[in-house]
Amino acid sequence: MNSVSRRKFLKISGFSVGALAATSAFSPMLKGVDKLNKEKLKGIKIIPTYCDICFWKCGTLAYLKDGELWKVEGNPKDPLSKGRLCPRGTGGIGAVTDPDRLRSPLIRTRQRGEEVWKEVTWNEALNYIAEKMNKIKAQYGPESVASFSHGIGGNFLKHTLKAYGAINFAAPSFAQCRGPRDVGFELTFGEAIGSPERTDIENAKCLVLIGSHLGENMHNTQVQEFANAVANDASIIVVDPRFSVAASKAKYYLPIKPGTDIALLLAWMNVIVSEKLYDVEYVTKYGFGFEQFAAEISQYTPEWAYPETGIDPELIRKSAKEMAMHKPSTLVHPGRHTTWYGDDAQRSRAIALLNALLGSWGRKGGFYFPVSYSLPGYPYPAYPAPSKEKLDNPGRKYPFASEEITTGIREATISGNPYPIKGWFIYATNLIQALPNQDETIKAIQNLDLMVVVDVIPSEIAGWADVVLPESVYLERYDDLHMSANKTPFVGIRQPVVDSPSDQKPNWWIAKKLAEKLGLANYYPWSHIEEYLDYRLKAGGLSLARLKQEGIILGKDKPIYAEDGVPLEFNTPSGKIEFYSSQLQEAGFDPVPKFKRQEQAPSGYYRLLFGRAPVHSFSRTQSNRILMDTMGENEVWVNHDVAEKWGLKNAQSVRLKNQDGVISNKIKVKVTERIRTDCVYMVHGFGHNSKMLKGAFGKGASDSGLVTKYVIDPLMGGTGMNVNFVTFEMEA
Ligand SMILES: Nc1nc2c(c(=O)[nH]1)N[C@H]1C(S)=C(S)[C@@H](COP(=O)(O)OP(=O)(O)OC[C@H]3O[C@@H](n4cnc5c(=O)[nH]c(N)nc54)[C@H](O)[C@@H]3O)O[C@H]1N2
Ligand SMILES: Nc1nc2c(c(=O)[nH]1)N[C@H]1C(S)=C(S)[C@@H](COP(=O)(O)OP(=O)(O)OC[C@H]3O[C@@H](n4cnc5c(=O)[nH]c(N)nc54)[C@H](O)[C@@H]3O)O[C@H]1N2
Ligand code: SF4
Ligand SMILES: [Mo]
């Protein structure tokens, strides 16, 4: 196995502008750093804001040199970034200078998907949208305009749409991401994990990562805390079919057969219960249904799990004992992107139960109780009362869904049931790459009378829109206040650092103008977002002037652990930790998780797995020239033996073909021993086919295109996507 040294890893987590500049041929701004240092930072202005290259929202300091954007760094006052940005955040200024940016509003002139447009004024674009929205309202009702968005920038547009009467709003962060995890933990502890995760990685004495590939998954705070845990000699246990960066830090690495984690979790719990290694006092005091649970899992020995998982029973025992030894400061990380196989809420529940045995919920080095800053909302008029119900989950088909299901809205748009959806309003989510099965997304789009996309670049989803609205990037705009719950309460501001280069507008402006066109101006009593922000801040004893200056204002620290007096209360039906779930039982599901075998790959096919690279976010950074210069395409990881069997050489180009005959773009092979022989792996987000994305078009291959199959989680509607198999097409 290759191993990445601790020093190298720690360096990644502290990736600095210098490190990026050293590898960047594209960035004259970054290249100027050394010279400017010598000039002793003359003509420098520093403006605090927060990052938007992903949804972690790290506090950032933007530097202007003689009025020009120079660089961004972490804001040391920010509890999330602690003064450091991840490589993506550091390269975020490439979003401003991206030559492929959308410049003016566009209206489609030809058939959907043909990408033929005319440039129009904002007035024309908004009149066009308002007219279509009024028609939909008259014919079908306002509930027939649905909205997809991702991130805080969608807040004002949602406000406008709610004022119009829309009720169907969804984000891919639930049914394509963390939904199963949050539901699994809600069912067990009565509370979700949330974002940022309430994981006390830094203080964990033992950290178990099941697929969570921290170090490649670059969520800043978590990666910094992980580096600290490693430096503090925490025991790391990694379960992954691929030898990830995190695996190289592990005391125990378990190269699991994909899709068998529930079997491993049951066996771990079997060892911990049968050898009485659990936190007896905690379980006795807070647990519900422990006896039934213990009886159920007594059958799942490590020997039982071995043929399922491929993990040696001795390794299962040793790693279980390691976890027990460090309890309650053993954190079995709940993961984030957990939509894998369709049994994901139950897998997450098994992870929750393992944590419950170890007593880590509410404890230092386990799961803390997050705290947040609170400010009064803006006093808007009430929204109109809907005459229909949301349609993403008709009849509560998925009884434990706790947020809206994107793919449920898509399904209803295709079927017209329970009522027709005729408009999609899409903000900052590339549904073509984010939802499984692109054909279904396109089929739904074909049923629409209006599709609006607000984006910064001509993404694939923009390519299907009737109207494309170009947004100012985060360094050019205000957004809503940031008050994420975490270890320290704070309020942070996003504010403009530079002007937009062309006719791009911020989301709040678009939302407000559209409301005016729709005759809903009374929902915007403020004339500029600064008034809105100042109103809310003043209501909380602060002011916009102060926050603009300071960037982050900290609230008063509060206790976050049971040890410090936070009461352990559980918002479950029993008021306790549900080792046995009567709710699940009553709904016809397993009250204690059970293992079910996944479908296996046909001969000559390999399970397609995917994940993150440190320098890219999903499908949104592949036209950022600074980041592309660091990683310009993805590769497909292929085990050495598999490569030999197929005669594949390192760096050779191939195409991948999935079980439904879909063939990918060309992608280079990475021959490695760091992956099992039954799967292949690639970084998500590449393989763009929007021709207007000149810097990203045709670079690498898209996992999304190959994810034609998905399995819906019957508990909560999440779409398991690790259920596709690929083979190699050699004539590349
Ligand atoms: N096959 C596959 N599917 C996946 C995943 C996977 O790994 N593989 N991951 C899943 C996960 S975990 C998640 S969270 C989702 C993520 O799904 P999305 O949030 O949809 O992520 P992106 O594909 O990056 O799409 C973001 C879009 O926002 C646009 N954008 C960027 N900045 C701005 C801005 O400032 N303003 C506006 N208006 N638009 C902006 C980008 O250009 C891009 O079109 O995808 C899920 N789907
Ligand atoms: N740089 C960067 N960081 C990001 C993001 C980004 O786009 N770029 N996106 C952020 C978001 S929204 C999310 S949701 C997270 C996603 O990041 P995570 O939640 O950490 O990871 P996943 O995408 O679920 O999983 C990828 C890992 O799971 C392994 N894996 C695949 N199948 C199995 C299996 O059956 N069992 C086990 N045990 N492991 C398996 C893969 O080999 C891979 O190492 O990353 C976040 N951080
Ligand atoms: S984790 Fe990185 S990309 Fe995400 S907000 Fe923080 S610095 Fe930006
Ligand atoms: Mo995600």
Practice task
Whenever you get a sec, compute what percent of the accessible area on the stretch 606-730 sits on carbon and sulfur atoms (1.4 Å probe).
Solution key: 50
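Where Lys and Arg each count +1 and Asp and Glu each count -1, what net charge lies around residue 69 among other residues with Cβ under 13 Å from its Cβ?
Around residue 69, the charge tally is -3.
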Completion exercise
Taking the chain and counting helices only, DSSP H stretches of n ≥ 4 at -39,500 (n - 2.57) each over all residues, the nearest-500 ellipticity at 222 nm comes to -8500 deg cm²/dmol
Handout entry: Accessible area (Å², per residue) of the stretch 226-357, counting only protein heavy atoms and a probe of 1.4 Å
Key = 31
Practice task
Evaluate the distance, in nm, between pseudo-label points positioned 7 Å from the Cα of residue 232 and of residue 439 along their respective Cα→Cβ axes.
Solution key: 5.1
Exercise for the section: For the stretch 301-334 and the stretch 660-684, compute the distance between their C-alpha centroids and round to whole Å. Expected result: 29
Fill in the blank from the handout: the stretch 335-435: relative contact order from alpha carbon pairs under 8 Å, six or more residues apart, as a whole percent, is 13
Practice task
Starting from the Cα gyration tensor of the stretch 104-222, take the square roots of the eigenvalues, sort them a ≥ b ≥ c, and report rounded, prolate or oblate (rounded when a/c is under 1.5, otherwise prolate if a/b is larger than b/c, else oblate).
Solution key: prolate
Practice task
Could you pull the accessible area for residue 162 with a 1.4 Å probe, rounded to 10 Å²?
Solution key: 70
Exercise for the section: Quick one: pull the percentage of alpha-carbon pairs in the chain with a separation above 36 Å. Expected result: 42
Practice task
Taking only protein heavy atoms into account and a 1.4 Å probe, give the accessible area per residue of the stretch 376-488 in Å².
Solution key: 32
Practice task
Order 590, 312, most accessible first, counting only protein heavy atoms with a 1.4 angstrom probe.
Solution key: 312, 590
Practice task
Report in % the part of the accessible area of the stretch 502-562 that belongs to carbon and sulfur, leaving out ligands and nucleic acids; probe 1.4 Å.
Solution key: 49
Handout entry: Estimated D of the stretch 337-441 in µm² per second, where Rh is the Kirkwood radius over Cα pairs and Stokes-Einstein applies at 10 °C, 1.306 mPa s
Key = 88
Handout entry: residue 90 accessible area, assembled protein chains, probe 1.4 Å, Å²
Key = 10
Problem - Within the stretch 109-216: Cβ-based charge dipole about Cα centre, in debye rounded to nearest 20 (Lys, Arg +1; Asp, Glu -1) - result: 420
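By the gyration tensor of its Cα atoms, with a ≥ b ≥ c the square roots of the eigenvalues, what is the shape of the stretch 606-730: rounded for a/c under 1.5, prolate for a/b over b/c, or oblate?
It is oblate, given that a/c is not under 1.5 and a/b is not larger than b/c.
Rounded, prolate or oblate for the stretch 527-619? Axes are the square roots of the Cα gyration tensor eigenvalues, ordered a ≥ b ≥ c, and the cut-off for rounded is a/c under 1.5.
Verdict is oblate for the stretch 527-619.
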Problem - Accessible area per residue, Å², the stretch 606-730 with all protein chains present, probe 1.4 Å - result: 34
Practice task
Please get the size of the charge dipole for the stretch 606-730, origin at its Cα centre, with Cβ charges of +1 on Lys and Arg and -1 on Asp and Glu, quoted in debye to the nearest 20.
Solution key: 380
Completion exercise
For the chain the mean separation of alpha carbon contacts under 8 Å (6+ apart) over residue count, i.e. relative contact order in percent, is 19
Problem - the chain: antiparallel DSSP beta bridges as a percent of all, rounded to 5 - result: 45
Problem - the stretch 606-730, relative contact order in percent, only Cα pairs under 8 angstrom and at least six apart counted - result: 34
Problem - Rounded to the nearest 10 Å², the accessible area of residue 483 at probe 1.4 Å - result: 40
Practice task
Report the net charge of residues surrounding residue 721, where surrounding means a beta-carbon distance below 9 angstrom and charges are Lys +1, Arg +1, Asp -1, Glu -1.
Solution key: 0
Practice task
Quote the charge dipole size of the chain about the Cα centre in Debye, to the nearest 20; the model charges only the Cβ of Lys and Arg (+1) and of Asp and Glu (-1).
Solution key: 1500
Exercise for the section: May I ask for the distance between the Cα centers of the stretch 180-253 and the stretch 352-395, given as a whole number of Å? Expected result: 21
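Share of the stretch 110-195's accessible area from carbon and sulfur, percent, 1.4 Å?
44
The values are calculated or read from the model by the stated rules, or taken from the named source; none is laboratory data. What you see is a predicted model, and the numbers here were worked out from it, not measured in a lab. Note that we place each Cβ from the backbone using ideal geometry, even for glycine, and neighbour counts take in every protein chain shown. We work out accessible area using only protein heavy atoms, side chains counted, and drop any ligands, DNA or RNA first. Shrake-Rupley method; radii C 1.70, N 1.55, O 1.52, S 1.80 Å.
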